1. Rounded to the nearest 500, what is the 222 nm mean residue ellipticity of the chain from helices alone, with -39500 (n - 2.57) per DSSP H run of 4+ residues and division by all residues?
2. How high is the relative contact order of the chain, in percent, with contacts defined as C-alpha pairs under 8 Å that are six or more residues apart?
3. Along each principal axis of its Cα atoms, how long is the chain end to end? Whole angstroms, biggest number first, please.
Amino acid sequence: MPTATVSVFEKTDAVGGTWAKNTYPRLSCDIPSQLYSYSFAPNPDWSEVYASQPEILA
């Protein structure tokens with residue numbers, strides 16, 4: 001499999017986009033949490049199927 005070079009551009013000091021910049025009460029992810037992880041660093045310990053914003057940012 002070929003390798004790829006990836007560049008991440010972020011306006012703020014931390015990667016997170018709108019999740020890091022804004023807060024929304026009782027907001028949760030709209031896809032299953034297991035899919036909201038990097039393939040090279042999966043998180044098997046999500047507390048809910050649709051994780052909350054604080055858990056995603058943790």
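1. -3500 deg cm²/dmol
2. Values: 40 pairs, mean separation 19.3, N = 58.
Averaging sequence separation for qualifying contacts and normalising by length gives 33 percent for the chain.
3. 40, 28, 17 Å, listed from the longest principal axis down.
Every number in this text was worked out from the coordinates using simple rules, so none of it is lab data. On a predicted model such as this, the values are computed, not experimentally measured, just so you know.
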